[in-house]
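Here is the structure we will look at, set down as structure tokens.
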Amino acid sequence: MRDWLVHIRRNEHASLQTQIREALVSAILDGQLAREEPIPSTRKMAKSLGVSRNTVVLAYQGLLDDGYLVARERSGYYVSEKAIESAAPPKLVAKPQAATSSIDWSSRLTMNPAEQSNVSKPLDWQSYPYPFIYGQVDHTLFPLAEWRDCARQALGKKWLGSWTNDTWAHDDPLLVEQIRRRILPRRGIMANDDEILVTLGAQNALYLLTTLLVSPGTRVGMEEPGYPDVRNIFRLATPNVALLPMDERGLAASEEFNACDLVFTTPSHQFPTTVTMPLERRMELLKRAAKHDVVIIEDDYEFETNYVNEPCPALKSLDDDGRVIYVGSLSKTLFPGLRLGFLVAPRNVVKQARALRRLMVRHAPNNNQRTAALFLSLGHHDTLIRRLHRAYRSRWEIMGEALKQHIPESSRVPSFGGTSYWVRGRQGLDSEELAQHAAEKGVLIEPGRVTFGVNDAPRNFYRLAFSSIEEQKIEPGIRILADLVRR
């Protein structure tokens with residue numbers, strides 16, 4: 001019996017028998033009780049509700065007479081098949097208002113994140129023939145057999161305790177070791193185990209850092225245009241979010257930068273423009289940060305996807321003062337549904353972030369951590385990165401040529417990598433209307449207005465990603481889009 005299905009109130013005007021009857025009828029018509037589902041015996045129901053058995057017997061008898069229940073000898077009471085067939089579909093049945101519906105929740109909520117602007121993507125993006133959307137993967141490139149083997153090993157008896165136990169605030173030591181030995185040195189970063197924290201993706205890391213470092217009086221700076229999710233996180237914590245100017249070399253070294261307490265930047269491939277910050281600019285920003293006591297959060301956005309030059313050292317690797325906090329993710333090279341990332345910071349910051357994470361989620365799922373650790377340790381991650389690099393470079397070149405051929409009037413920021421192109425359409429183009437018409441033709445694009453933090457944001461920018469679309473579909477998709485752009 002589902003105990004929550006029937007509740008009675010002794011001070012109600014309706015009799016106890018009537019209340020039992022109405023509760024069961026509502027459960028049947030609302031679809032909460034399925035066809036042929038057993039109903040508790042009259043003895044059990046009476047004991048559960050604290051009423052006499054005769055009261056329940058009379059209520060059941062009325063439901064039998066009306067065809068809602070059927071009685072089976074030596075078996076009990078069941079929901080009638082006819083009652084289910086005659087019931088309206090659950091979605092059409094109006095449900096009674098909860099007792100707390102009179103509460104003015106808007107006056108009680110301390111924040112309204114649902115009112116913020118966010119990137120929106122259809123969940124069924126794979127059903128579209130030309131999905132130029134960011135942050136998804138081409139499943140044909142993923143080494144499923146190798147991942148399955150690592151998952152099988154992780155779930156075996158050998159490591160049973162490592163993933164079934166609650167580890168409180170601790171991370172999988174094998175995963176931390178692999179991050180320290182395999183991932184960070186590639187960025188030029190050297191760190192100790194107690195300077196690394198595993199998070200539920202980069203997003204979780206950014207929320208933890210904002211909670212720890214940003215108060216209402218903190219002046220935070222970020223790139224404009226920039227990552228809308230982190231802008232929304234900042235704005236929940238402080239009204240003082242400065243939108244810092246960009247140029248062809250990334251985040252500009254400006255007076256606005258000097259006035260900030262904390263600055264967020266994506267130097268590897270700027271979000272959303274894909275601009276790579278050169279070494280000279282990185283050194284200049286670090287010098288300014290030291291002079292004006294600015295803390296920098298570096299989001300290592302698409303570090304692995306540089307197709308022209310060798311990757312620049314991370315800001316964290318060039319930092320002598322310990323003022324750069326590094327945020328990374330395994331979601332971009334593995335798959336976004338994994339939700340594993342990490343942050344690298346001074347040990348006292350990691351200590352506090354670890355304690356805060358414990359209050360929120362305790363730790364990332366241990367089975368996912370161990371599987372990812374094995375995937376890294378066995379070399380599968382390095383092999384996958386090389387495979388993705390080859391595939392993405394080819395798609396990057398094909399998309400560049402297709403844009404040049406079919407939409408030459410649109411300008412693009414010079415790109416050396418990443419998994420998308422940032423396109424500025426002609427003056428007067430509304431990319432949100434374009435996206436709507438394109439979706440009707442099977443082409444998914446991402447309007448760019450949401451990446452700007454100002455109210456009068458330009459509407460003619462849009463992003464075209466190629467990580468999740470097959471190579472041979474890029475040019476035909478751009479051709480369809482070009483026809484819509486010229487209308």
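The values are calculated or read from the model by the stated rules, or taken from the named source; none is laboratory data. From a predicted model like this one, the values you see are computed outputs, not experimental measurements. Cβ atoms come from the backbone with ideal geometry, glycine included; neighbour counts cover every protein chain shown. Accessible surface areas use protein heavy atoms only, side chains included; no ligands, DNA or RNA. Shrake-Rupley method; radii C 1.70, N 1.55, O 1.52, S 1.80 Å.
Maximal additional length on extending the K82-H389 stretch stands at 104.5 nm, based on 0.36 nm per residue less the C-alpha distance. Report the local net charge at T238: Lys and Arg +1, Asp and Glu -1, summed over other residues whose C-beta lies under 12 Å from its C-beta. So the environment of T238 carries a net charge of +2.
Put simply, the convex hull of the Cα atoms in the chain casts, on average, a shadow of 30.4 nm². Backbone geometry of region 54-70 corresponds, through the Karplus equation with coefficients 6.51, -1.76 and 1.60 at θ = phi - 60°, to 3J(HN,Hα) couplings of 4, 4, 6, 4, 5, 5, 5, 4, x, 6, 5, 4, 8, x, 7, 10, 10 Hz, x marking Gly and Pro.
Each label point was placed 7 Å from the Cα along the Cα-to-Cβ direction; for D320 and T18 their separation is 8.5 nm. Accessible surface for H139 stands near 110 Å², nearest 10, in the context of the full protein assembly shown (1.4 Å probe).
Calculated FRET efficiency, M190 to Q405, Cβ-Cβ distance, R0 = 30 Å: about 0.05 to the nearest 0.05. Solvent-accessible surface of the chain, averaged per residue with a 1.4 angstrom probe and all protein chains in place: 50 square angstrom. For K332, a cut-off of 29 angstrom between C-alpha atoms picks up these lysines, skipping any fewer than 8 places away in its own chain: K121, K316, K351, K404, K441, K473.
In this structure, R487 and E284 have a Cβ-Cβ separation that, at R0 = 51 Å, corresponds to a calculated FRET efficiency of about 0.70. Counting only Cβ charges, +1 for Lys and Arg and -1 for Asp and Glu, the dipole size of region 249-353 around its Cα centre is about 240 debye. If contacts are Cα pairs under 8 angstrom and at least 6 residues apart, what is the relative contact order of region 261-367 in percent? That works out to 22 percent.
Backbone amide hydrogens, once placed in the peptide plane, bring V263 within less than 5 Å of G221, V295, I296, I297, excluding anything fewer than 5 places away on its chain.
Whole-Hz Karplus ³J(HN,Hα) for region 37-49, in order, using 6.51 cos²θ - 1.76 cosθ + 1.60 and θ = phi - 60°, x for Gly and Pro? In residue order, the calculated couplings are 7, x, 10, x, 4, 4, 5, 5, 5, 4, 5, 5, 8 Hz. Qualifying chymotrypsin sites (Phe, Trp or Tyr not before Pro) in region 238-336, where qualification requires a DSSP coil assignment and no more than 16 other C-beta atoms within 10 Å, comprise Y307. Model label points for S215 and Q116, set 7 angstrom from Cα along the Cα-to-Cβ axis, are 2.1 nm apart. In order along region 354-370, the phi-based Karplus estimate (6.51 cos²θ - 1.76 cosθ + 1.60, θ = phi - 60°) of 3J(HN,Hα) comes to 5, 5, 5, 4, 4, 5, 8, 9, 6, 7, 5, x, 5, 5, 5, 4, 5 Hz; Gly and Pro are listed as x. Three principal axis extents of region 253-349 based on alpha-carbon atoms, in descending order, are 39, 35, 21 Å.
Once backbone amide H atoms are built at 1.01 Å from N, L244 has M222, E223, E224 as its partners under 5 Å, excluding neighbours fewer than 5 places away on the same chain.
If R0 is taken as 35 Å, the Cβ-Cβ distance between H139 and D166 corresponds to a FRET efficiency of 0.60. Inter-part distance, region 416-434 to region 161-236, computed on C-alpha centroids, equals 30 Å. In the chain, Cα pairs under 8 Å separated by at least six residues give a relative contact order of 18 percent.
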